[in-house]
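Chemist: Have a look at the structure that comes next, please.
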Amino acid sequence: MKKYAHLYLFAIILLGIASCNDTETYAEQKKYENGRINDYIAKHHINSISEEQFHSQGDSTSVAKNEYVLFANSGIYMQIVEKGCGQKLKNGESGDVLCRYTEWNINGDSLQTYNDSTFARTLSYDKFTVRNTSGSFTATFVNGVMPNTYGSNQVPTGWLVPLTYINLGRPQNEKDKIAHVKIIVPHNQGQAYATSNVYACFYDITYERGL
């Protein structure tokens, strides 16, 4: 997996060089990023809904209608595919979370990193420890593809947004499902390379409470 991670990093650097140059201002880079996000939304027929509508629907999104809620303050788009079994992380509570994910660079709509078994054909996961402090989540990676690839134990802020709305549990029977979300994460809410190169990523992530 580390071998492929280095290849993805090289691809990221090339994309960053191709998409911007030294004469571009940060404002121009953000404008370009917003354009790519809008293109991605159009290409994938995403139906954006407001936070007000999201809350009126019981903090849920319709998968059948391909709804994603837009959080205006952060620019994150989120679809809850499955809220999951178990309970939400309570105020003052800490816990371990196991994630399987795929990451796409929106600039090229290309697969960037992953640990999802559909692609990797393994049962690997990224593990992080998270704490809920009055509704604010802080988290640190313990291990996984993300920290190995980007050289940082900091969990992207965008990955923590769903924790307000999903449950963290471990399936006890066939009917129990783990939480599953899809999110578009702007650069300032993302991993280190996205932040420094000003590009958004799309994530398909499952969340399961660790042992």
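Chemist: How about the stretch 69-97: which of its residues are touching a residue at least 60 places away in the same chain (Cβ under 8 Å), over 15 Å from L168 (Cβ atoms) and in contact with a helix residue (DSSP H, G or I) (Cβ under 8 Å, 6 or more places away or on another chain)?
Modeler: Within the stretch 69-97, F71, S74, G75, I76, Y77, M78 meet the criteria.
Chemist: Let me ask something else. Please work out if S62 is without any contact (Cβ under 8 Å) to a residue 24 or more places away in the chain and small (G, A, S).
Modeler: So S62 fits the description; yes.
The rows are residues; the columns are (1) open to solvent by 30 Å² or more (accessible area, probe 1.4 Å); (2) outside any helix (DSSP H, G or I); (3) hydroxyl-bearing (S, T, Y).
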| site | (1), (2), (3) |
| --- | --- |
| E33 | no, no, no |
| R36 | yes, no, no |
| H45 | yes, yes, no |
| D59 | yes, yes, no |
| V81 | yes, yes, no |
| G84 | no, yes, no |
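The values are calculated or read from the model by the stated rules, or taken from the named source; none is laboratory data. Treat the numbers as computed from the prediction; the structure is a model and nothing was measured. Backbone-built Cβ (ideal geometry, glycine too); neighbour counts: all protein chains shown. Surface areas here come from the heavy atoms of the whole protein model, side chains and all, with no ligands, DNA or RNA. Shrake-Rupley method; radii C 1.70, N 1.55, O 1.52, S 1.80 Å.
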